[in-house]
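Novice: Below is one structure. I have some questions about it.
The values are calculated or read from the model by the stated rules, or taken from the named source; none is laboratory data. Bear in mind the structure is a predicted one, so any value in this text is a computation, not a measurement. FYI the Cβ positions are ideal-geometry reconstructions off the backbone, even for glycines, and counts take in every protein chain you see. For the accessible areas, the whole protein counts, side chains as well, though only heavy atoms, and no ligand, DNA or RNA atoms are used. Shrake-Rupley method; radii C 1.70, N 1.55, O 1.52, S 1.80 Å.
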Amino acid sequence: MIDTIYITGGTGFIGKNLTEHLKEKYKYIINFARQNKVFITKGNKKKVINIKDFDASKFKANKLINLATYYNPYPKNIHELKKIINSNIFFQLDILDRIYSTKLKIINIASVLQVAEIKHQNEYSLSKNIFKNFSENFFKNTSNIYIYDTFGLNDKRQKVVDVFIDKIEKRKSIMIPKNKVLLNLNHVDDICYSIVKNLNKFKIKNYVIKSPH
């Protein structure tokens, strides 16, 4: 068993599912969270410490999976814009500054919104692109995995699939927009398998995970 893996966004929907997969491969899973918290998972045991007390020399890892993100495509005020910038750019950079080594490989989970033309992008995708570009240019060893919309068990994020399922279970009507909407839905397990595969055979490339259907 490999000793340690770093991750951000481990408490989110994909992160929680991915952590279960990582337990089979890594002894320690170090999840850097906002509010200056670090979750140290060993098997079924979890410990929470302040980031000031985290000693990177005791938990050395050569890979970081960046899942952390704050989704707000249309901020209504300066406060919301600051939260987007801090959550999608500076939070990750502060972590990398703390744990950085020349051997660190970064697997950055990105959104397909980021590959759209600039005129079709928003504050969310632009902030994600700033981190991606900086990581590629400064840290070098960065692999990007682009994903579409996701779904899976215990999904309560108020996204397309879980909203539809909830309404169907409660026998409520579902409003389908009249305009054309293209979705490519990925099951969370497929996302996790793809990330683990990238861990096993890391290459500095851009990947897209999409359903064949």
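Yes or no, residue by residue, for (1) basic (K, R); (2) outside any strand (DSSP E or B); (3) within 20 Å of the chain's Cα centre (by Cα); (4) modelled with pLDDT under 95:
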| position | (1), (2), (3), (4) |
| --- | --- |
| Q35 | no, yes, yes, yes |
| K47 | yes, no, no, no |
| K52 | yes, yes, no, yes |
| E80 | no, yes, yes, no |
| N108 | no, no, yes, no |
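Residue-by-condition table, conditions (1) closer than 26 Å to D149 by Cα; (2) surrounded by 14 or more Cβ atoms within 10 Å (Cβ to Cβ); (3) out of contact with any Pro (no Cβ under 6 Å at 6 or more places or on another chain); (4) not aromatic (F, W, Y):
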site: D3; (1), (2), (3), (4): no, no, yes, yes
site: Y6; (1), (2), (3), (4): yes, yes, yes, no
site: K37; (1), (2), (3), (4): no, yes, yes, yes
site: D53; (1), (2), (3), (4): no, no, yes, yes
site: P73; (1), (2), (3), (4): yes, no, yes, yes
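Novice: List the number of the failed condition for L67; all other conditions in (1) open to solvent by 40 Å² or more (accessible area, probe 1.4 Å); (2) closer than 17 Å to T8 by Cα; (3) modelled with pLDDT of 95 or more hold.
Specialist: The one condition L67 does not meet is (1).
Novice: Are any of the residues in the stretch 164-185 closer than 30 Å to K132 by Cα and either of a type in the set (D, E) or within 15 Å of the chain's Cα centre (by Cα) (or both)?
Specialist: Looking for residues that are closer than 30 Å to K132 by Cα and either of a type in the set (D, E) or within 15 Å of the chain's Cα centre (by Cα) (or both), one finds none in the stretch 164-185, hence no.
Novice: May I ask you to verify whether A61 is touching a Ser or Thr at 6+ places or on another chain (Cβ under 9 Å) and more than 27 Å from N186 (Cα to Cα)?
Specialist: Yes.
Novice: Moving to a separate point now. K103: open to solvent by 30 Å² or more (accessible area, probe 1.4 Å), under 23 Å from K83 (Cα atoms), not aromatic (F, W, Y) and not in a helix (DSSP H, G or I), yes or no?
Specialist: no
Novice: Still on this structure, I have one more. So is I95 on the phi < 0 side of the Ramachandran plot, open to solvent by 40 Å² or more (accessible area, probe 1.4 Å) and among the hydrophobic types (A, V, I, L, M, F, W, C) or not?
Specialist: Here the answer is no, as I95 does not meet what is asked.
Novice: Turning to a different aspect of this structure: Counting residues that are open to solvent by less than 40 Å² (accessible area, probe 1.4 Å), which strands (runs of 3 or more DSSP E) fully inside the stretch 116-213 reach at least 3?
Specialist: 142-147
Novice: Would you mind stating whether I106 is under 17 Å from P73 (Cα atoms) and β-branched (V, I, T)?
Specialist: It is false that I106 is under 17 Å from P73 (Cα atoms) and β-branched (V, I, T).
Novice: Would you say S57 is open to solvent by less than 80 Å² (accessible area, probe 1.4 Å), more than 29 Å from V208 (Cβ to Cβ) and of a type outside the set (F, W, Y)?
Specialist: For S57, the condition - open to solvent by less than 80 Å² (accessible area, probe 1.4 Å), more than 29 Å from V208 (Cβ to Cβ) and of a type outside the set (F, W, Y) - is met.
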